[in-house]
Each structure stands twice: as structure tokens, then as C-alpha cells.
Amino acid sequence: MTQRQAILTGLVLVILSFQVLVLAILVFFPYLPDPGLSNLNNDTYFLLSPLATIFLLELLYAWLLRIVAREASRHSSTARSLAHFLSEPFTKIISSVRTRSLSDSARIFKILSHPRLMLTISVAASVLLAFVPYRPDLNPNGILVGVDSPTYVTWISQMLARPVPQALQYSFVEGLDGSRPLLLIILYTVASLGVSPSQIIEYLPMILAPILALSTYAFVRYGHGSANFAGLAALFTPFTFYIPVGLWGGYYANMLALVFAYLFLTLLLQFSKSPSATKYCGMFALSIALLLTHPWTWVILAAAGLVFALSIWRETHLTIHLKSIAGIVIPGVALDVLKSTIFATRTVAADLATKLPTSADPFAFWVNLVDGLLNTHSGLLASWIILGVGLFACFALRFKDWFERLVLLWVGVASIPFLLLDSYNQTRIVYDLPIPVLMATALLFFLPLIGNRNIRWPGIVILLTLVLCANYALQGILLL
């Protein structure tokens, strides 16, 4: 071990030890004495949280920077010389990233050699995190957490008070203008069996959170092919925004929509490689389920799927890709228009128009960005570690690989409406990003390159990142 490796490895171990202590204090809160470590960790999080604004912009618009840099270098010798000058110190890293296989990288680290164990830990952590706000010692009265939770209880109660036909009609009219009938019908069905609406909402995140982790795993495992990579992505799933922000807002429809989104894109990737009627029917069903659960998420994923299919068609010249995605998007739009006509509710397009900011101030975008990250959701989205790691993936993802292309398009499509929306709805765009996949991708791309030269055991950086994110998630949930 060189002196530099020894110093950096020792530094990582010290930080890891501190974070593990903080995690133990949070897990056993309020029974384990805290000498102030959790407060120090929380203060550090808020001190560095303004960095999240810059990291988020880089994450969202890395694709645009890459296009501008490529086109400028192609048409301008000055820009080409400048790009060469700026990239020269990173030549080896850039060259290695371009040729690196995520599957090969995932096999390097022994910590990732047991994907089923990682998936099990992810599922267990998801359930436990969702249970924390309802621990009898922390919440003896069983008060519901989440801004939207009481509203869901009201909707279910209203449906129970009606005959079945009227209850079903209610689900298409109420629930944010009838935008999430599928989830309401599912919850109403459970309530009809005698379960109280409050109890349903209490246990709902404990069901949705592990399913979301499983769907993330399925997306990477069957969309990309690497079980180790999938296990790492699944491990990050409960420790990113999905559970803390989902519990804060009571975003149960959005959580279920993300499950459908990951599964839809999994089938889209498989269909693109090997078309079949079964896969197409699965995509169609998941698209409709997504639309009837959370239309905003459907718009983002349908647009990303459409652009992805167009890119595949340009490469392969096979019309089946365009026909298949058209056969999914067009019926979705038709169903949305039909639903709004029958039940006198807003279409997705009309709803989006109401979310645009009214200010013409050119600085409104920056104000919205700061307000959305630092103030909305109690600042839970302003995680510099999550966004900072995730943004590296957006600079490394390669368009030639279909899996990486789809992830890149998911982010790129979401970045376009982000420019136009107000602060609250910008946060919903951030919530819909594939953050766990981006974080796992970034570590697998860059850690083998940097770690081998600077850190004796680069795998501990993965462990440190996971513990940092676990502390973020648990501390955020304890503050609900």
C-alpha cells in the first residue's frame, strides 16, 4: 500500500466509522445515548444542502452539455482545442469509461457478489423504514404521517359510504380530479373486506416500499442483465428519496406509479431486443395501469419510451418499434381524453397547464429550484450526497448501450418540463427520476478507476455511500 493509499483509506475508514455510529444511534433512537453525533451529522447535511441545487442542474442537463460540447468541437477548432485542454487530465478516465462494462465492474467488488442477499436487505430495510413513523414507542397514538394521508382516508371513507357503482364512479372523479382511480379502487377493495381506512394507509407504505425495491432490481436485472448491478441499485432504493419524501407527502400513488414505470421499462427493453406478443401485452397493461395511477409519471415515461423507440428505429430501420410504442401512447392519450369527457375532469395536458409558474421574472427558475430543494418537503430533496453521486452517471452513460440510453432518456425527458414548472411540481419531477440506478451506475463506472490507485479497498466506498444514504433516509423519517 502506498502512502497516498494509506492516508485516503484511513480517512474513508474514519468517516465510515463515524457514520456507522450515527446509524446505530438513529436505529436505536431514543434508547442509545447520543453525545451529539446525530446532530453533527444533521447539521453537516443542512450546511452542504445548497450544493444540491448545482448537483441537480448538472444531473438534469448533463445530456445537453454533452451535445453542445460535441457539436461545438465538431464545428469549431477553438472549441475542439478547449475541450481537449479541459479533458486532458482525465484522458485515461474518459477512455476507460467509454469501454467499461457495468457488468464487469459489478463483478470486481466482493461486496456485490451476493445479489440475492442485497435484495433481501433492501426489501427488509424498505419495510423497516416505512414502519419507523408508526413504531408504538415513537407514535403511541398511531397518528398518520404524510400530508396526503388524511385525504386518502377521506376518499376511501367516501367510497365505502356509497353503493359499488357510485364508489367506482367516485374514484374517477375525486382523488385529485380523478387522476388516480386505480389505487383508490384497490384501497376500496381492501377496505370492503373490513379493514379500516386509517389502518390501510398506515400499512400501505410498508407494502409499496419493498415492491418498489423489487421493481428497481427487476429493471436492472432483466433490462441490463447484471444481477450484481441490480442488487446494488436495489440497495440504494430505500435510502434515496422514494421512502422519506413519499412518507412526508403521502405520495402513495406516485410510489405505485414508479413500480409500474420500472416494470414497463423492463419490458420495453426486452421487447426491443426480442419482440413478442406477450411482452407487448405486458407493456400495454402496465402503461394503462400507470396512467390510471399517476398521469404525470405516465407522461414522462411514455415520452421517454417514444424517444427511445425512435432511436432504435433509426438504428435498426425496423418499424415494429415505432408501431409498438404508438400502439401504447395513442390509446393512453385516447383513454385520458375519454375519461375526462365522461367524468368531466381535466385531461393530463390541461392539468399540466395549471402547474406553470405565473411569474415572468427571468430569475424565477432559480428561485423555484432553491425553494423546491431547500424548503419543500422539509429539505429532504436537498441531499448533496445522493444528487452528487447520481450526476456522475449522467456524464458517463453511453447512448450506444440500450439500457444506458433508456436511463439517459428518462432523465433527459424529465429535464424539459422541469424548466417550466413551479417549485412544488419541480420536486415531483425529481422524485420520478431513477436515482437508485444512477447512483449504482456512477459507482460502478468510476470507483474501479479511482479506487484502485487511491484506496486500498475501493469496496468500502460503496459501503460508506450506502451508510451515508441510510443515515439520510432514517434521520429524515425520524423528523416526520
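The values are calculated or read from the model by the stated rules, or taken from the named source; none is laboratory data. The model shown is predicted, which means the values in this text are computed figures rather than measured ones. Note: ideal-geometry Cβ built from the backbone for every residue, glycine included; neighbour counts use all protein chains shown. We work out accessible area using only protein heavy atoms, side chains counted, and drop any ligands, DNA or RNA first. Shrake-Rupley method; radii C 1.70, N 1.55, O 1.52, S 1.80 Å.
Here are some notes:
- Hits in the stretch 21-30 - residues which are open to solvent by 30 Å² or more (accessible area, probe 1.4 Å) and among the aliphatic types (A, V, I, L, M): Leu21, Leu23, Ala24, Val27
- Residues in the stretch 331-342 that are open to solvent by less than 90 Å² (accessible area, probe 1.4 Å) and among the hydroxyl-bearing types (Ser, Thr, Tyr): Ser340 only.
- Some residue of the stretch 443-461 being open to solvent by less than 30 Å² (accessible area, probe 1.4 Å), in contact with a helix residue (DSSP H, G or I) (Cβ under 7 Å, 6 or more places away or on another chain), polar (S, T, N, Q) and under 26 Å from Gly246 (Cα atoms): no
- Scanning the stretch 31-68 for residues that are surrounded by fewer than 14 Cβ atoms within 10 Å (Cβ to Cβ), free of Cβ contacts under 8 Å to residues at least 60 places away in the same chain and not aliphatic (A, V, I, L, M) gives Tyr31, Pro33, Pro35, Gly36, Asn39, Asp43, Thr44.
- The stretch 167-181 residues that are under 23 Å from Lys355 (Cβ atoms) and touching a residue at least 40 places away in the same chain (Cβ under 8 Å), paired with ones that are part of a loop (DSSP other than H, G, I, E, B) and aromatic (Phe, Trp, Tyr) (beta carbon under 7 Å, 6 or more apart): Gly178/Phe172; Pro181/Phe172
- Odd one out for Gly379, checked against (1) open to solvent by less than 50 Å² (accessible area, probe 1.4 Å); (2) in contact (Cβ under 8 Å) with a residue 12 or more places away in the chain; (3) at negative phi: (3)
- Note on the stretch 44-60: residues that are over 20 Å from the mean Cα position of the chain (by Cα) and polar (S, T, N, Q) amount to 1.
- Residue that is outside any helix (DSSP H, G or I) and either modelled with pLDDT of 95 or more or surrounded by 18 or more Cβ atoms within 10 Å (Cβ to Cβ) (or both), where the choices are Thr345, Thr297: Thr345
- Test result for Phe236, within 11 Å of the chain's Cα centre (by Cα) and either among the aromatic types (Phe, Trp, Tyr) or open to solvent by 10 Å² or more (accessible area, probe 1.4 Å) (or both): yes
- Long-range neighbours under 8 Å by Cβ, at least six apart or interchain, first residue of a type in the set (Ser, Thr, Tyr) within the stretch 1-16, second modelled with pLDDT under 85: Thr9/Met1; Thr9/Ile455; Thr9/Arg456; Thr9/Trp457
- Within the stretch 138-166, the only residue that satisfies the criterion of being of a type in the set (S, T, N, Q), touching a residue at least 12 places away in the same chain (Cβ under 8 Å) and open to solvent by less than 40 Å² (accessible area, probe 1.4 Å) is Ser149.
- Subset of the stretch 182-194 [open to solvent by 30 Å² or more (accessible area, probe 1.4 Å) and either touching a residue at least 60 places away in the same chain (Cβ under 8 Å) or not small (Gly, Ala, Ser) (or both)]: Leu182, Ile185, Ile186, Thr189, Val190, Leu193
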